[in-house]
1. Would you call residue 66 buried (at least 18 other Cβ atoms within 10 Å of the Cβ), within 15 Å of the chain's Cα centre (by Cα), at pLDDT 95 or above and closer than 30 Å to residue 163 by Cβ?
2. If we keep just the residues of the range 33-48 that are exposed (fewer than 14 other Cβ atoms within 10 Å of the Cβ) and at pLDDT 95 or above, which is farthest from residue 137 (Cα to Cα)?
3. Would you call residue 75 under 17 Å from residue 121 (Cβ atoms), touching a helix residue (DSSP H, G or I) at 6+ places or on another chain (Cβ under 8 Å) and in a helix (DSSP H, G or I)?
4. Just to check your reading of the model, which residue among 125, 114, 85 is closer than 20 Å to residue 61 by Cβ and in contact with a helix residue (DSSP H, G or I) (Cβ under 8 Å, 6 or more places away or on another chain)?
5. For residue 111, state whether it is within 12 Å of the chain's Cα centre (by Cα) and farther than 28 Å from residue 165 by Cα.
6. Return the residue satisfying two criteria in turn: it lies in the range 81-99 and is without any contact (Cβ under 8 Å) to a residue 12 or more places away in the chain and outside any loop (DSSP other than H, G, I, E, B), and of such residues it is surrounded by the most Cβ atoms within 10 Å (Cβ to Cβ).
7. Would you please name the residue that is nearest to the chain's Cα centre (by Cα), looking only at residues in the range 133-142 that are buried (at least 24 other Cβ atoms within 10 Å of the Cβ) and in a helix (DSSP H, G or I)?
């Protein structure tokens with residue numbers, strides 16, 4: 001009986017602790033905040049208060065997502081000097097980047113954000129007349145929060161392999 005050699009997964013705690021756990025919790029709390037705002041805004045979509053609520057929550061989560069995405073990108077650039085960091089690893093936690101509990105929780109949060117945003121925008125557009133506004137469409141911005149939180153976690157705590165061909169230098173050859 002032959003066994004296939006396996007690449008050992010990077011050593012990471014089975015469950016996140018400290019700031020690592022705080023980032024995962026923040027992702028879940030942001031997702032729940034969006035779902036709560038959506039739960040209020042969907043039945044009251046014609047009311048100004050509900051429109052402002054979903055707009056403010058969506059824009060706030062989007063702003064946090066943009067900031068964390070940019071921060072994680074800069075951090076990943078620094079780590080990429082010695083480690084092989086991929087964009088999918090960074091923002092979607094693919095491969096052995098994160099331990100399974102972190103990957104599962106943060107991926108579920110991102111999927112819930114995407115699905116809730118699409119459903120909310122679809123419900124919001126139903127029954128609109130002439131000059132009415134679909135404030136529920138602001139929810140489409142929210143998945144940027146999940147992407148940013150994934151990136152922030154992966155940039156700080158993710159595991160990556162060593163840089164491939166770390167000693168190679170770029171050439172000044174012209175492409176013809």
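1. For residue 66, the condition - buried (at least 18 other Cβ atoms within 10 Å of the Cβ), within 15 Å of the chain's Cα centre (by Cα), at pLDDT 95 or above and closer than 30 Å to residue 163 by Cβ - is not met.
2. Here the residue is 36.
3. Answer is no for this residue.
4. Checking each option against the conditions leaves just 114.
5. yes
6. Among those residues, the one meeting the criterion is 95.
7. Looking at residues that are buried (at least 24 other Cβ atoms within 10 Å of the Cβ) and in a helix (DSSP H, G or I), I get 139.
The values are calculated or read from the model by the stated rules, or taken from the named source; none is laboratory data. This structure is a prediction, so every number in the text was calculated from the model and none was measured. Here the Cβ is made from the backbone with ideal geometry for all residues, glycine too, and neighbour counts use every protein chain on show.
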